[in-house]
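The values are calculated or read from the model by the stated rules, or taken from the named source; none is laboratory data. Owing to the predicted nature of the structure, the values given are computational and were not obtained by experimental measurement. Virtual Cβ from ideal backbone geometry, glycine too; neighbours counted across all protein chains shown.
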Amino acid sequence: MTTIRRFCCNDLLRFASVNLDHLTETFNMSFYMTYLARWPHYFHVAEGPGNRIMGYIMGKVEGQGESWHGHVTAVTVAPEYRRQQLAKKLMNLLEDISDKIDKAYFVDLFVRASNTPAIKMYEKLGYVIYRRVLRYYSGEEDGLDMRKALSRDVEKKSIIPLKRPVTPDELEYD
Amino acid sequence: MYKLVGEERFLLWAVCSIQLQVLCGNGGEKLLLLAEGLLKKHVASHGLHEPEALIVYFSILEQQAKYGDALDILGGKLGSLLMIEVDKLRIQGKLLARAGDYAAAANVYQKILELCGDDWEAFLHYLGCLFEDESSWASETINSPINPPKYVECKLTHLTDEVFNSCVENASAFVQKLQAEASNDSLRNPCLAHLEIERRKCLFRKNNDDNLVEALLQYYSRFGHLACFTSDVEAFLQVLPPEKKMEFLDKLMKNSNSLSVVPTRALGQSITLLKTQELIGNMFNLSVAELEGSAVQMAELYCTSLPLSKDLDPQESMHGEELLSIVCNVLVQLFWRTRDLGYFIEAIMVLEFGLTIRRYTFQYKILLLHLYSYFGALPLAYERYKSLDVKNILMETVSHHILPQMLASPLWADLSNLLKDYLKFMDDHFRESADLTFLAYRHRNYSKVIEFVQFKERLQHSNQYLVARVEAPILQLKQGADNIEEEESILESLKCGADFIELSNEIGSKSLTFNEDFQSRPWWTPTTEKNYLLGPFEGISYCPKENLTKEREENVRGFIERKSLLPRMIYLSIQSASVLYKDNSEINDSLADPKISTELKALLERYAKMLGFSLNDAIDVVVGVSRGLKSYEVFGSDVIDWLNFAVFFNAWSLNSHDSGRQGGERTPGSWHVVNSLLKNYILGKLRSMGPLIQSPQGDLPILVKLVTEPLAWHGLVIQACVRTCLPSGKKKKKSGSTDQSISLLSNAVRDAIQSLCSVLEEVAKWSQDQIKSPEDNKIDLLVSSLKRNGGAGKVFNILETLASSPNETELGDRISQALRSWSPVDVGRKIVTGQCRVLSEFWRICESKIKSLKTLKQQIALV
């Protein structure tokens, strides 16, 4: 029982129960609002009965040529709505938009190398570890760049894992 | 630009501007007509290329109730700009419903539900269309509550029995079809849809309670193991009368014998039973023994369920985590009922135990934050608050957990950071907002342009923001109050309080927004203004939770109106005390500025009016109380404001011609009023207060306020008087009447200094005695309250037993290690240290004031 709709500014005032979770980052306002201003169709919220926020996903589409891709910036679910496959639903929505509307080649995301539960979940959703990004998180922890190829990448070239890790300054996009 | 190049984006700039102008209340239909005309002309010549332009076009038409025109456009060529079918259907459904074509709209919502079977909002709209209920599409305004009530409003009275029945039949048939077609067994929507239909039947006929109870039981049998069960069913339970709610609970309890065979599911079901009891308010009907028994059972369940989380990553929520929150709720209720402090300490121990096992559980941290606040261990509360990592927009929605307590505390450095960070965040956003709005425009997301402007407005009207804007300078004034020069430079930076007077004038007509998220607050303090533990035990209406927004709005308005007068009144009081009063014959020679006296009098009149009195009557009240003719009780909960009033009244009397109405006793009379009011009230409070360690909360916050507000402002008046009395080399020789004035004033000031000093010395001694009392004794007192025979301690013992000999094979390495690190004595020590820090800060404030007064005493002795 979920209504998935586009995220709007007022949702920022209603997502405390989701963001108080220690793994969910609360970004500064210009970050959220830049996403809303530039990629509103990549920013969705799931609402339960009584207009409670169950979770949300924010992302963007960027790149050039065969690097044109959807990116998951954050996906999170409130503790009381976990273990109901909501994150999967939100991810599928973003993948669908990247695939069908923006005709992207792949979707990617970054995850802390220590966040085993999240890595396992992304793997279940079809993502593979494309490369390791050294000290990606505040110069301390490594990040994993995970990717899933979309229908436009017929040969699945975008997800062939890199053999060596990269540093944050080698990344094409933030 | 549009005329030059004819580009869509330039036209949309004009259209968005018009729309904003209309939304802000400037202009109306004509402007909208103009916007529509511009768009129409552009579409005819160039077409439209951006989906967002089309959305704006629809909203312009909607604002004019031209739903038919919008539907025509949606059905035409331009409609293809919307590439997601469901998005298009949602717009179509809404337009049809607003146009009153409910049958067609219902069909559209059916289509949406066929595409997205789990879309709850679509289902509610679908029902709204079937029942021809327009309230489903009521639009929001800027000050609509950010967390609307869970109860879905609906109007059914206009329907005949026959129409209602046929609608219900149609809806039920459709829901059954959805249920049959649902490929995914975990979809909750069809089941909740069934519940919603039964709820509406209850609202319409009033005799459908049994069916609703039955539907709720069915829902439990399918989804009772989910953590969201209680929040899912809350709105449905609300329509049941209390006896039916109990019947539902009884039936659920009987079910508890047939829990799932899957352990995690069975645990989920058990927790749901407990949460449902809480939701219905049944916990408040249980006896003390039953409550204790229930808490013990929950603690046992928590311990036996721990092995289920053995292999979980430490970052994942553990199974049964919620149990400790419920145990805490029960223990706090036991404390409320029995006033046995042991239960309160036990509640703290339970949560600290939970955090020892998994340090990330934010629900425990929030509960602890409130328990520590109540226990006077505010530094611990603040530490817990900081560990929640509340930043950016969360400061607007979550800081209510700590801000009110900090405002009444002596932890000025922490409070200052809290206010600074919050105000910086808000002001930064207001500054950036225009650029971000322009960014949305540049990326042709025109609907966001409107949204961003409205959002900024919502934040600008935030009640919390306005309170912080007033409290931040008042904190500065409190911090500088022991040094008049410092205070004057602070006042100068505040334009002598003039801007705040403006705020006070405006607040009555300003719309306020309430953006705080109160859902995570504990039951005993559902809003910032309410704390049940401060009063005697009573039943609580728990379902629905009270809606106190209206009450809050009045409180906040009154608070800001009153408090924002303070900086100006302090400024004027200093001014008033900085010149010598002379009688009428020499007024032309006086240094007094009559404007000061007039303005201060006007503000005193306003202040008195806010307290519900005329100026003269308010003066009578304070004089009456100071002479013991009236009790302090007449001040009610506004005691700080009354004492402030007395302080400012005295300052005004120093330089006013018409203040001598109190039996000709002018200056010494008003000095005496303030001195005795402060002395008697503060010392009275002090004598009634027990040691902090034995009496949570108590009157410490009010004591801190008394010393740091009215007493501090009175201290400033004294400082200004001393400065006036001191001989200054530059001034010409004083006349005889000036000498007399100085002599009168210096005598009054000497007495006032003596009076304040003696009060502060007693307060400082009270704090110091508690700080000095041996730490180990206090810790023993806390821990031993859990080890008495009978009463508190049973839950604690269960947790202690688990921690003393953890079964490593069952619990795994991580949990066992965590258990071994558990130390209740450390928790006790933290509480004691936390309380001591508050007392030390308070003592420091008192000492600084004593020191300043002693210097003044030496100075005035020279006069």
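Just a few scattered comments:
- Residue in the stretch B:115-132 that is surrounded by the fewest Cβ atoms within 10 Å (Cβ to Cβ), counting only those that are away from chain A (no Cβ under 13 Å) and without any contact (Cβ under 8 Å) to a residue 60 or more places away in the chain: B:Glu132
- Checklist (1) surrounded by fewer than 23 Cβ atoms within 10 Å (Cβ to Cβ); (2) within 19 Å of the chain's Cα centre (by Cα); (3) more than 9 Å from chain A (Cβ to nearest Cβ) applied to B:Leu368, failing item: (1)
- Leading residue by the ranking (nearest to the other protein chains (Cβ to nearest Cβ)) among those in the stretch B:382-392 that are free of Cβ contacts under 8 Å to residues at least 24 places away in the same chain and buried (at least 23 other Cβ atoms within 10 Å of the Cβ): B:Val390
- Only listed residue being within 7 Å of chain B (Cβ to nearest Cβ) and under 14 Å from the mean Cα position of the chain (by Cα), chosen from A:Leu23, A:Leu12: A:Leu23
- Within the option set B:Pro404, B:Pro379, being out of contact with any helix residue (DSSP H, G or I) (no Cβ under 8 Å at 6 or more places or on another chain), more than 14 Å from every other protein chain (Cβ to nearest Cβ) and surrounded by fewer than 23 Cβ atoms within 10 Å (Cβ to Cβ) holds for one residue only, B:Pro404.
- The residues of the stretch A:84-103 that are of a type in the set (Lys, Arg), in contact (Cβ under 8 Å) with a residue 12 or more places away in the chain and over 15 Å from B:Asp119 (Cα atoms), listed by number, are A:Lys88, A:Lys103.
- Between A:Leu125, A:Leu162, A:Leu144, A:Leu134, the distinction of being farther than 14 Å from A:His69 by Cα, away from chain B (no Cβ under 14 Å) and in contact with a Ser or Thr (Cβ under 6 Å, 6 or more places away or on another chain) belongs to A:Leu134 only.
- Within the stretch B:252-277, being modelled with pLDDT under 90 and touching a Phe, Trp or Tyr at 6+ places or on another chain (Cβ under 9 Å) holds for one residue alone: B:Asn255.
- Applying the condition of being buried (at least 22 other Cβ atoms within 10 Å of the Cβ) and farther than 24 Å from B:Glu316 by Cα to the stretch A:42-59 and asking which residue is nearest to the other protein chains (Cβ to nearest Cβ) yields A:Pro49.
- Screening A:Asn92 against (1) modelled with pLDDT under 95; (2) part of a helix (DSSP H, G or I) leaves a single unmet condition, (1).
- Per the listing B:Asp826, B:Asp813, B:Asp776, B:Asp769, the residue uniquely part of a helix (DSSP H, G or I), within 28 Å of B:Ser294 (Cα to Cα) and among the acidic types (Asp, Glu) is B:Asp826.
- Index of the failed condition, A:Asp96 passing every other in (1) under 15 Å from the mean Cα position of the chain (by Cα); (2) more than 11 Å from chain B (Cβ to nearest Cβ): (2)
- Residue check, B:Ala65 assigned to a helix (DSSP H, G or I) and among the aliphatic types (A, V, I, L, M): no
- First in the stretch A:29-41 and more than 7 Å from chain B (Cβ to nearest Cβ) and more than 19 Å from B:Phe425 (Cα to Cα), second anywhere and part of a loop (DSSP other than H, G, I, E, B) and among the charged types (D, E, K, R), Cβ under 9 Å, 6 or more apart: A:His41/A:Asp102
- Residues of the stretch B:284-318 classified as under 27 Å from A:Asn115 (Cα atoms), under 33 Å from the mean Cα position of the chain (by Cα) and at pLDDT 95 or above, total: 1
- Subset of the stretch A:143-174 [surrounded by fewer than 16 Cβ atoms within 10 Å (Cβ to Cβ), under 19 Å from the mean Cα position of the chain (by Cα) and of a type in the set (D, E, K, R)]: A:Glu172, A:Asp174
- The set of residues in the stretch B:434-466 that are among the polar types (S, T, N, Q), facing chain A (nearest Cβ under 9 Å) and under 28 Å from the mean Cα position of the chain (by Cα) contains only B:Gln454.
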